[in-house]
Amino acid sequence: MTDLVFIEGLKTQAVIGVYDWEKKIQQDLVFDLEMEHDNRVPAETDDLAKTLDYEAISNYILAFCAERQFELIETLAEHLVAELIGQFKLNAITLTLRKPGAVSAAQAVGVKIHRKSTVTY
């Protein structure tokens, strides 16, 4: 059985896009994450250090987006997931990244990726 820790609807802004005008503005991004984590040990110990700290992960994502610029959301998603796996010792993660407003007729467009760590934690 796989337990999941999730973050839903994490909103931030970033400089992202391929067009010159996009490189001069901040655009809205919305993240949903599902991270595989065995929750039995934290449940037994009631110890934050033994679980995934979703506040720390959320703050990491916000800082990541503030400090970097990408043209494609695909590139942002891949780089972010690789860093999250390493930084927080994730076995696997599913990330949905939405860019609302990118297509006026759509509520949002985006990507959804699932990656597994090459190391077992």
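The values are calculated or read from the model by the stated rules, or taken from the named source; none is laboratory data. Not measured: the values here are computed from a predicted model. As a convention, Cβ positions derive from the backbone with ideal geometry for all residues, glycine included, and neighbour counts pool all protein chains shown.
Meeting the requirement of 3 or more residues that are over 18 Å from T12 (Cβ atoms) and modelled with pLDDT under 95, the helices (runs of 4 or more DSSP H) wholly within segment 27-109 are 40-45.
Whenever a residue of segment 54-70 is under 21 Å from G17 (Cα atoms), its partners that are assigned to a helix (DSSP H, G or I), lying with C-beta atoms within less than 6 angstrom and at least six residues away or across chains, give the pairs F64/L80; F70/L76. Suppose we keep only residues that are in contact with an Asp or Glu (Cβ under 9 Å, 6 or more places away or on another chain) and among the charged types (D, E, K, R) within segment 63-109. Which one would you say is farthest from D38 (Cα to Cα)? So, considering only residues that are in contact with an Asp or Glu (Cβ under 9 Å, 6 or more places away or on another chain) and among the charged types (D, E, K, R), the one farthest from D38 (Cα to Cα) is E71.
Here is a check on your reading of the model: is I113 among the β-branched types (V, I, T), farther than 19 Å from D3 by Cβ, at pLDDT 95 or above and surrounded by fewer than 16 Cβ atoms within 10 Å (Cβ to Cβ)?
Against the criterion (among the β-branched types (V, I, T), farther than 19 Å from D3 by Cβ, at pLDDT 95 or above and surrounded by fewer than 16 Cβ atoms within 10 Å (Cβ to Cβ)), I113 qualifies.
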